[in-house]
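The values are calculated or read from the model by the stated rules, or taken from the named source; none is laboratory data. Note that the structure is predicted; figures quoted are calculated from it, not measured. Positions of Cβ are generated from backbone atoms using ideal geometry, with glycine treated the same way; all protein chains shown enter the neighbour counts. These accessible areas exclude ligands, DNA and RNA; they are computed on the full protein's heavy atoms, side chains included. Shrake-Rupley method; radii C 1.70, N 1.55, O 1.52, S 1.80 Å.
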Amino acid sequence: MSDTLVISPVVDIPAHLVGQIQSKMAYVDETIRAADISEDGKQIVLQLEGSLNPERLAEIEDKVQRVVEEMAKGAIQPKVEVLEDYSDRPVYYQKDPMDELRARGEVSEEEKGIFLLGPLVTRLVEFFESRFLLLADEFGAKPYRFPTLISAKMLDRVNYFSAFPHSLTFATHLREDLDIINRFAEETHYHPDGLNSPLESFSKIKTLLSPAVCYHLYFSLADHPLPDGKLVATAVGNCFRYESSNLTSLERLWNFTMREVIFVGPKEFVLENREMSRKFMQKIFEEIGLVYHVETANDPFFVGEFRKQAAFQTAFQLKYEIRASLPFKQGTLAVGSYNYHQDFFGRHLNITLPDGGPIHTGCTAFGLERMVYAFLAQFGFDPSNWPEIVKEWMNE
């Protein structure tokens, strides 16, 4: 049984916020399984799990209205600057590659948003990794390996919990108590709604699964002067961002892999390197024949922080997104970004230049699974349609 709830928002949703608000509907209530907002922003249709009484429906509508009002009331459409546009390159496929990937056994979903990747996808991930490592080599980036777990204390120092509370993934363990451990071993089993173990059996949360790669580097530099005043580093790592019912394919994963090239130093150093990395990757994407564009963008801040932070990021051009074409849906997907954090991490983590001023930071980041997904969406599974550089690499 399921219910459909149709809502007329108290504030018309402007076109540039339809996608952002629609994605936030997944976090409004646990019963929401899908959401759709009309193009004119005047109607929201929710698909709900189960048959709900009028009081529950009214409660859900109230929460939806609060989200819409918080994000859309008085919103001003930002001016989007397009830095690169290669949308007119040819594409060779018009289907969602997930259907073929599943049919070939190239992906297997262990849990919502958690996929095993087969040999073809793995090889393509390795190909894109090889291209991104060329970028790292161009800057002489120092290689790092970062843990999957990340400190809750350090995330709190950079206000992560207020900016992105909806996407956090927590790590815990059983409390150091013999009775609790024995009871868990004897009684715990998996049920349709999860493990049947009481929350009080688990420790206080001090670690999370890491939401980004570059944070680890910044945390390692905290409370010290930057020895040489400049640093370029690179790392690849598992990242975790929970997206509820938005987790549907390789397009949006709970557990995904990012390669980053990270810049730390004076403002001019960071901005120059960010621009150099964009121009370097422009040549790489031309060689691949990727259909994409680069535009100013913002991070997916949660409701309370969205308007302020998104407007700030766009106004100061702190984030440029690489948006690859998905021909089957006549849309695009963010597969990477060029980011400038100003002196945010320097101030919050007390990282200073040799002269005592706060450092600036930036990073160039790529989602490896998304890159493969976009590539297959554009070029399909027939290698004869693939760019020569990809065919040669796959045949090595």
Query raised in the report: Would segment 126-149 turn up any residue that is surrounded by 14 or more Cβ atoms within 10 Å (Cβ to Cβ), farther than 29 Å from HIS348 by Cα and aliphatic (A, V, I, L, M)?
Result: yes
Report task. Scan segment 42-56 for residues that are surrounded by 17 or more Cβ atoms within 10 Å (Cβ to Cβ) and over 25 Å from the mean Cα position of the chain (by Cα) and report the count. Result -> 2
Report summary line: Taking segment 16-30 and keeping only residues that are closer than 21 Å to GLU69 by Cβ and without any contact (Cβ under 8 Å) to a residue 60 or more places away in the chain, one is left with LEU17, VAL18, GLY19, ILE21, GLN22, MET25, VAL28, ASP29
Query raised in the report: What's the number of the condition LEU221 fails, among (1) touching a residue at least 24 places away in the same chain (Cβ under 8 Å); (2) open to solvent by 50 Å² or more (accessible area, probe 1.4 Å)?
Result: (2)
**Report entry** Breaking point among (1) open to solvent by less than 10 Å² (accessible area, probe 1.4 Å); (2) in contact with a His (Cβ under 7 Å, 6 or more places away or on another chain), for ALA377
**Finding:** (2)
Query raised in the report: Which residues, counting only those in segment 177-214, are of a type in the set (Ser, Thr, Tyr) and over 30 Å from ILE262 (Cα atoms)?
Result: THR188, TYR190, SER197, SER201, SER203
Requested in this report: Collect the residues in segment 242-287 that are within 21 Å of the chain's Cα centre (by Cα), at pLDDT 95 or above and farther than 30 Å from LYS391 by Cβ, keeping them in residue-number order.
Outcome: TRP254, ILE262, PHE263, ARG274
Query - Output for segment 155-173, where each listed residue is touching a residue at least 60 places away in the same chain (Cβ under 8 Å), assigned to a helix (DSSP H, G or I), open to solvent by less than 30 Å² (accessible area, probe 1.4 Å) and closer than 17 Å to LYS206 by Cα - result: LEU155, SER167
Report summary line: Over segment 288-313, the set of residues open to solvent by less than 20 Å² (accessible area, probe 1.4 Å), modelled with pLDDT under 95 and over 17 Å from the mean Cα position of the chain (by Cα) is none
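Could we say that ILE181 is among the β-branched types (Val, Ile, Thr) and outside any helix (DSSP H, G or I) here? Step through it out loud before you land on a result.
Details: among the β-branched types (Val, Ile, Thr): yes; outside any helix (DSSP H, G or I): no.
Against the criterion (among the β-branched types (Val, Ile, Thr) and outside any helix (DSSP H, G or I)), ILE181 does not qualify.
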